[in-house]
Amino acid sequence: MEGLQVKEDGTYLDGTFGRGGHARGVLQRLGPGGRLLVMDKDPDAIAHAERTFAGDARVSIFRGSFASLAQWDDTAAGLDGVLLDLGVSSPQLDVAERGFSFGKDGPLDMRMDPQSGESAADWIARADEREIADVLWTYGEEKQSRRIARAIVARRATQPFTRTADLAAAIASVMPRGEKIHPATRSFQAIRIHINRELSDLEVGLDAALARLKVGGRLAVISFHSLEDRIVKQFINKHAKAPPANRRFPVAVDFVPTLRAIGSGQKGEADEVSANPRARSAVLRVAEKLGIGSGESEFATAGSGMGADSSPAAASASRIPNPDSPLPASTRGTA
């Protein structure tokens with residue numbers, strides 16, 4: 001809330017509603033003339049938002065990924081703040097039927113929107129060994145990615161994976177002993193990120209947020225994974241700092257910043273982490289929009305919403321390449 005600096009008559013977008021903790025925090029600071037725009041791709045989250053804010057004229061609700069925020073007409077007039085709380089939500093983790101948790105046996109789904117896209121079970125059933133290994137390495141930084149991929153492919157030849165506990169057990173069976181975390185942690189994280197296109201959505205969503213923010217508007221992003229935080233940090237730096245000088249260019253290119261970083265990455269205080277252990281890996285980054293400059297986003301340049309070539313599926317996210325293997329096509333932004 002401090003980072004957003006909520007104004008009573010401002011318009012704010014919560015792009016990851018979840019169960020509305022941040023949304024309620026913004027609403028408490030809005031006056032009668034303020035507006036709160038709520039987005040989430042999870043239909044359960046949207047149903048909760050509709051029940052929670054029924055009758056509040058200040059609130060508008062849209063089901064979809066924050067990557068499509070520039071396509072929502074309600075954002076066209078400009079935003080005073082955008083909040084993104086990345087990753088999986090606690091309700092998604094805690095409900096076994098959603099298939100996100102290796103600690104709770106349930107259907108192997110992992111989709112934030114279970115009504116669209118490919119489930120984890122379907123992807124594991126069709127992906128070849130190399131693609132599985134690449135996803136585990138790229139999105140989970142799993143050092144045993146090849147060993148795990150071989151085990152998955154060998155086991156599915158006799159029995160398909162349909163349950164989370166079954167997949168977690170298969171992964172654990174080939175992992176070295178002595179892990180401080182559950183041996184399936186990184187693999188489940190990687191598969192979830194891949195299935196939901198989380199990093200490509202993030203890159204598209206950041207550009208869209210910058211385009212829709214008013215001058216003086218604030219962008220606040222909470223990351224729970226180093227890959228997410230790296231994308232957010234690099235995005236802010238790209239628009240806030242001039243690129244390093246290049247001796248090969250005879251004439252320096254003028255740079256006008258469009259963002260100002262508000263401090264550096266912030267982590268939860270000890271009391272917060274104690275009360276909510278899931279906050280231990282959270283990093284908050286905040287930036288303020290300064291105006292149109294040489295680092296402005298493609299959406300603002302176009303003067304309207306996302307173009308045909310700017311969809312989440314067309315986005316290309318920053319990757320950590322496996323030096324021995326090319327990334328699968330889906331991790332290059334074509335999933």
In whole Hz and in residue order, list the ³J(HN,Hα) couplings for region 50-60 that follow from phi through the Karplus curve 6.51 cos²θ - 1.76 cosθ + 1.60, θ = phi - 60°; x for Gly and Pro.
5, 6, 5, 10, 4, x, 8, 5, 7, 10, 10
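Which order do you get for Trp72, Trp137 if you rank them by accessible area with a 1.4 Å probe, largest at the top?
Trp137, Trp72
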Please work out how much length the chain gains when fully extended from Thr162 to Ala242, using 0.36 nm per residue of separation minus the C-alpha to C-alpha distance, in nm with one decimal.
23.9 nm
Can you pull the percent of Cα pairs in region 178-231 with separation above 16 Å?
55
Contour minus end-to-end for Ser281 and Lys143, with contour as 0.36 nm per residue of separation and end-to-end as the Cα-Cα distance?
47.6 nm
If you filter region 143-212 for trypsin sites (Lys or Arg not before Pro), then keep DSSP loop positions with at most 15 other Cβ within 10 Å, what is left?
Lys143, Arg177, Lys180
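Please compute the length gained on full extension between Lys214 and Val256, using 0.36 nm multiplied by the number of residues separating them and subtracting their Cα-Cα distance. Can you show the working numbers first?
Working: separation 42, 0.36 × 42 = 15.12 nm, distance 1.65 nm.
Length difference between fully extended and current span is 13.5 nm.
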Going by average Cβ neighbours within 10 Å, how do the peptides 203-211, 63-71, 1-9 rank, with the highest at the top?
203-211, 63-71, 1-9
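The values are calculated or read from the model by the stated rules, or taken from the named source; none is laboratory data. Quick caveat: nothing in here was measured; it's all calculated off a predicted structure. Virtual Cβ from ideal backbone geometry, glycine too; neighbours counted across all protein chains shown. Surface areas here come from the heavy atoms of the whole protein model, side chains and all, with no ligands, DNA or RNA. Shrake-Rupley method; radii C 1.70, N 1.55, O 1.52, S 1.80 Å.
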